[in-house]
């Protein structure tokens, strides 16, 4: 009996290159983003925080615009530049707001990617965030 991890046919190296290369086209690595921001290389893309207003106020990647995924419709994106790539991010790998934001933007004709790991991974790596003065972390029952 084969090990479970080998129960399906393993792709050829060429198939793996095509698959993993395509997968990387959808994701942005926090290390690469941090280096680009540090180097001032921000042409061609916009960071889009896709969580709600409170989360955006509490902590966001510097320079990110607030684009809650639930509000991404034709009217709300009318003034956005379709020549840019929108790098969507949310809380973490346990949140799908970035995926929903990227999906909604793509459906409207924008080019979108997702930041791997969200702002949690960003913060855990020690990269900078900014916040709105007076914002705070709400607790249950508040």
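Each value in this text was obtained by applying a stated rule to the coordinates, not by laboratory testing. On a predicted model such as this, the values are computed, not experimentally measured, just so you know. Glycine also receives a Cβ, built like all others from the backbone with ideal geometry; neighbour counts cover every protein chain displayed.
Based on the alpha-carbon set only, what is the convex hull volume of region 67-136 divided per residue, in Å³?
In region 67-136, the Cα hull volume divided by residue count equals 117 Å³.
Between residue 32 and residue 108, what is the FRET efficiency for a Förster distance of 25 Å, r being their Cβ-Cβ separation, to the nearest 0.05?
0.45
Give the relative contact order (percent, whole number) for the chain; include only Cα pairs under 8 Å separated by 6+ residues.
27 percent.
Where both bridge residues fall in the chain, DSSP classifies roughly 5% of the beta bridges as antiparallel. Extension gain, residue 22 to residue 79: 0.36 nm times the residue separation minus the Cα-Cα distance gives 17.6 nm.
Rounded to the nearest 0.05, what FRET efficiency do residue 125 and residue 2 have when you use their Cβ-Cβ distance and R0 = 35 Å?
With R0 = 35 Å, the Cβ-Cβ based efficiency is 0.40.
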